[in-house]
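Read the structure below first, then the notes.
The values are calculated or read from the model by the stated rules, or taken from the named source; none is laboratory data. Source: prediction; values computed, not measured. So basically every Cβ, Gly included, is an ideal-geometry build from the backbone, and we count neighbours across all protein chains shown.
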Number of protein chains: 2
Amino acid sequence: MNVEILITGDEIRSGAVIDKNSAHIAMKLEEAGFNVARHTCVGDNVDDLVLILQEIGSRSDAALVTGGLGPTSDDLTAQAAATSVGVDLVLNLQALHGIESYFKARNRKMSDSNKKQAMLPRGADLILNPVGTAPGFMLKIERCLFFFLPGVPFEMQRMFSDTVLTQLEQLRGSSREFNMVKTISTFGLTESATAERVSGISGMFPEITLGFRPKFPEIQIKLYGRGKDKKTLHQRMVKAAAAVMEEIGDNVFSEDEIPMEAVVGRLLLEKNATLAVAESCTGGLISHLLTNVPGSSGYFLFSGVTYSNEAKQKVLGVSSEVLEHYGAVHEKTAKEMAAGVRRIAESDFGLATSGIAGPDGGTDEKPVGTVCIGLATRRSTIGFRFFFPFNSRWRNKKIFAMKALDILRRELLT
Amino acid sequence: MNVEILITGDEIRSGAVIDKNSAHIAMKLEEAGFNVARHTCVGDNVDDLVLILQEIGSRSDAALVTGGLGPTSDDLTAQAAATSVGVDLVLNLQALHGIESYFKARNRKMSDSNKKQAMLPRGADLILNPVGTAPGFMLKIERCLFFFLPGVPFEMQRMFSDTVLTQLEQLRGSSREFNMVKTISTFGLTESATAERVSGISGMFPEITLGFRPKFPEIQIKLYGRGKDKKTLHQRMVKAAAAVMEEIGDNVFSEDEIPMEAVVGRLLLEKNATLAVAESCTGGLISHLLTNVPGSSGYFLFSGVTYSNEAKQKVLGVSSEVLEHYGAVHEKTAKEMAAGVRRIAESDFGLATSGIAGPDGGTDEKPVGTVCIGLATRRSTIGFRFFFPFNSRWRNKKIFAMKALDILRRELLT
């Protein structure tokens, strides 16, 4: 059964507001096993609205429409719906009563413009709005059953789950299919290398489609499954995911869309270990990521963002010999930073970055994109050097931070 | 001239990802004076793609398409475009050369699947991608000129501004009205208070529309001007902006969409002053923001992300008496942190935060959302306490960091 989504409103059409309603509706529909064929957005213009309603009416089984049910002059959806089927707007007494009760319950005066909201296309069925003034309605236009809902996200969501989903399931009858999605987060391979490694898997699982989504600097592998039997589909999804992870190996860091910093945090908690960080080129980003995770105070003790060489010496105890001889960006410096911050914070692990995020500061020997990472543990202190080819300060900071966290993750897994 | 936007990809169609590309493109098009007629989203399916391309081709003058140009098997846009006009895909040597150079410059091996990205519909014109592997292309389908771009936002945005906009302006010819947009960034007032303060201004400038765009935690005031004469419109925009700034006062921190951290950086440079930061609840976010600004090493010396009380004492020299008596979240503690980090880093300014970002750690006296901020200068050390009613760790970190930077900004303006 094909379902479409239509978002109305000039604020979204013009880009002033990012539409989040269609993603919400699409996800709920797909979870319930409906196929979302298209989303469309048009502005507050009756002719445009009538046209798209008739287009959708001629090609789809059901459609969700949001927006344009408010009390003001640019709320034109009910009029457009009426025009699409050649009827007029009539006062719906039950809708009016609902709006009156809404105002009464809040001790507020109802204005005349709110009365307009109770004018529905003749023949439409009311969808009550328990949390706002704009009632929704159902109306068949050509072969398609339309559900008209307000654009305010929490009103729309409430009416969708209270009413629309049940109606859609009745419409579908017993012919349902189940959809499942699984996300595998990877770091370390390019998108094309990732795709090549798992290219043999699609053929083994015809009910599952593989998708690749770069979410810099990670690559997500998405498994979209569809089938009649929920249990069988679930088993196949588990098998396909295992096959994917087998191919990608330890470049997989999460199976549940958990970010790298939370994976590292969980591993630290499991080992009852603490962490301190010394950041130069990442400038606080590693600390910011780590402390985005609720409960991070349980393992994250301290970070020294030592941008100046003086701070590297004074706070972290990096030796002036190393700084003078090798410079701030060097494996030896990163190692001293990592060992220094581990010592000061009395933590189990010390992680350090020093590099050149750009746009300035690069040399032939150490171009923009060079990063040195130090990792100090109870047993040893190791240094690394990498080069990333992104000519963007923002990207460099991100991938430097991710690489450092990934090095710690791999250490915690040993 | 009617322009449409087509977003392709199962991850957006299914609601797994919120589409932000269409809002970006729509805003840029509207700013440039084009009328955005519709946005549509369809999934990775050749038949669906061909159908919508032909529909748009028959009704619009130009269209932007994003997504499906990657190296993997679910990247089907080029094939669909070719099918729509009845041609085959041919290897575009210039595109191939661009991809090869991209890999060469990064010392990476190009895989065979990347070669697929250079296969464009016969007759299409290449749009070079200076920042990624997926080349774009232009192709006329029926009466409409299509611009096919990758879905990765920063690649799409770069190609849009480098190439597409110029091409669209050529297509439009001389029948233009001028559009101007000005953004005034504010922090400290609610959206409704902001709107009320400037409510009298719209009437004085009929050619200019005011819009309000909350970009948490700032509120942007947008002035959209439209007129036949560029010079007159420009003068009116300047006058309207001055009137807005008069009403909003020192809650305005930028007139050119410069972020708060860059405004602070510029003021520090102007005063030839240096800064050190001590962060507890903001967890490195202030440092991360400051170091996002190229050249920040010129004034930013050090940040101590002292999550544990031990680190506050050991690194910043906060006294155990203050910590025991007042706790980590207190004006006195924030002041000692600010003074301590200023002393250690030998900087002109010391800025410190200590608060409760949540979700845990709140008390009746200091609920989640409480933040204490300390500012140490040559002359004095001041402490502040604020409460923000956001029940979100992410929002709290953001607004705590913004408030601290705003306090420093106001100090630098005196």
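Among strands (runs of 3 or more DSSP E) entirely within the range A:307-402, having at least 3 residues that are closer than 23 Å to B:G304 by Cα and either within 13 Å of chain B (Cβ to nearest Cβ) or modelled with pLDDT under 95 (or both) singles out A:349-355. Of the residues examined, A:V264 is one that is touching a residue at least 60 places away in the same chain (Cβ under 8 Å), surrounded by 14 or more Cβ atoms within 10 Å (Cβ to Cβ), in a helix (DSSP H, G or I) and touching a strand residue (DSSP E or B) at 6+ places or on another chain (Cβ under 9 Å). Condition check for B:G123 on (1) at pLDDT 95 or above; (2) away from chain A (no Cβ under 13 Å): one failure, at (1).
Taking the conditions (1) more than 30 Å from A:I286 (Cα to Cα); (2) among the acidic types (D, E); (3) assigned to a loop (DSSP other than H, G, I, E, B) in turn, B:E247 satisfies each one other than (3). Of the residues making up the range B:267-289, those that are crowded, with 18+ Cβ neighbours inside 10 Å and touching a residue at least 40 places away in the same chain (Cβ under 8 Å) number 14. Restricting the range A:334-367 to residues that are within 30 Å of the chain's Cα centre (by Cα) and more than 13 Å from A:V277 (Cβ to Cβ) leaves a set whose member that is surrounded by the most Cβ atoms within 10 Å (Cβ to Cβ) is A:A357. So which residues in the range B:105-134 are under 30 Å from the mean Cα position of the chain (by Cα) and of a type in the set (K, R)? Within the range B:105-134, B:R106, B:R108 qualify.
Each residue in the range A:379-390 was checked for being touching a helix residue (DSSP H, G or I) at 6+ places or on another chain (Cβ under 9 Å) and not hydrophobic (A, V, I, L, M, F, W, C), and 4 pass.
From the set of residues in the range B:284-306 that are in a strand (DSSP E or B) and of a type in the set (A, V, I, L, M, F, W, C), which is farthest from B:V263 (Cα to Cα)? Per the criteria, the residue is B:V305. Condition (residue is in the same structural domain as A:T353 (by TED's automatic domain parsing), farther than 18 Å from A:I373 by Cβ and surrounded by 24 or more Cβ atoms within 10 Å (Cβ to Cβ)) applied to the range A:303-314: is it met by at least one residue? Yes. Within the range A:167-203, the set of residues being within 23 Å of A:L233 (Cβ to Cβ), free of Cβ contacts under 8 Å to residues at least 60 places away in the same chain and away from chain B (no Cβ under 14 Å) comprises A:G173, A:S174. Could you look through the range A:186-209, keep only residues that are buried (at least 21 other Cβ atoms within 10 Å of the Cβ) and in a strand (DSSP E or B), and pick out the one that is modelled with the highest pLDDT? Among them, the one singled out is A:T186. Could you list all residues from the range B:50-78 that are of a type in the set (D, E) and assigned to a loop (DSSP other than H, G, I, E, B)? Correct list: B:D61, B:D74, B:D75.
Taking the conditions exactly as written (at pLDDT 95 or above, assigned by TED's automatic domain parsing to the domain that holds B:I201 and not β-branched (V, I, T)), does B:A278 satisfy them or not? Criteria not met by B:A278. When residues in the range A:147-180 are screened for being more than 28 Å from the chain's Cα centre (by Cα) and at pLDDT 90 or above, 1 of them pass. Under the condition of being over 13 Å from B:T77 (Cβ atoms) and either aromatic (F, W, Y) or surrounded by fewer than 19 Cβ atoms within 10 Å (Cβ to Cβ) (or both), the residues counted in the range B:118-130 number 6. For the range A:241-293, taking the residues that are among the acidic types (D, E), within 12 Å of another protein chain (Cβ to nearest Cβ) and under 25 Å from the mean Cα position of the chain (by Cα), the one that is nearest to A:G203 (Cα to Cα) is identified as A:E257.
The number of residues in the range B:28-52 that are buried (at least 19 other Cβ atoms within 10 Å of the Cβ) and within 22 Å of B:I208 (Cα to Cα) comes to 6. Here the condition is being of a type outside the set (D, E), closer than 25 Å to B:S185 by Cβ and in contact (Cβ under 8 Å) with a residue 60 or more places away in the chain; of B:R409, B:R393, B:R342, it holds for B:R409 alone. From A:T72, A:T66, which residue is assigned by TED's automatic domain parsing to the domain that holds A:K140 and modelled with pLDDT under 90? So the residue among A:T72, A:T66 that is assigned by TED's automatic domain parsing to the domain that holds A:K140 and modelled with pLDDT under 90 is A:T72. On inspection, B:I184 qualifies as in the same structural domain as B:K228 (by TED's automatic domain parsing) and not polar (S, T, N, Q). Within the range A:13-36, residues that are facing chain B (nearest Cβ under 7 Å) and under 14 Å from A:V3 (Cβ atoms) have Cβ atoms under 7 Å from residues that are part of a helix (DSSP H, G or I) and of a type in the set (G, A, S) in these pairs: A:V36/A:A26, counting only partners at least 6 apart in sequence or on another chain.
Taking first residues from the range A:347-364 that are within 18 Å of A:A376 (Cα to Cα) and partners that are modelled with pLDDT of 95 or more and of a type in the set (D, E), the Cβ contacts under 7 Å between residues at least 6 apart in sequence or on separate chains come to A:T353/A:E279. Quick check on the range B:296-306: of everything there that is touching a residue at least 12 places away in the same chain (Cβ under 8 Å) and facing another protein chain (nearest Cβ under 7 Å), which residue is farthest from A:A276 (Cα to Cα)? Residue satisfying both the conditions and the ranking: B:F300.
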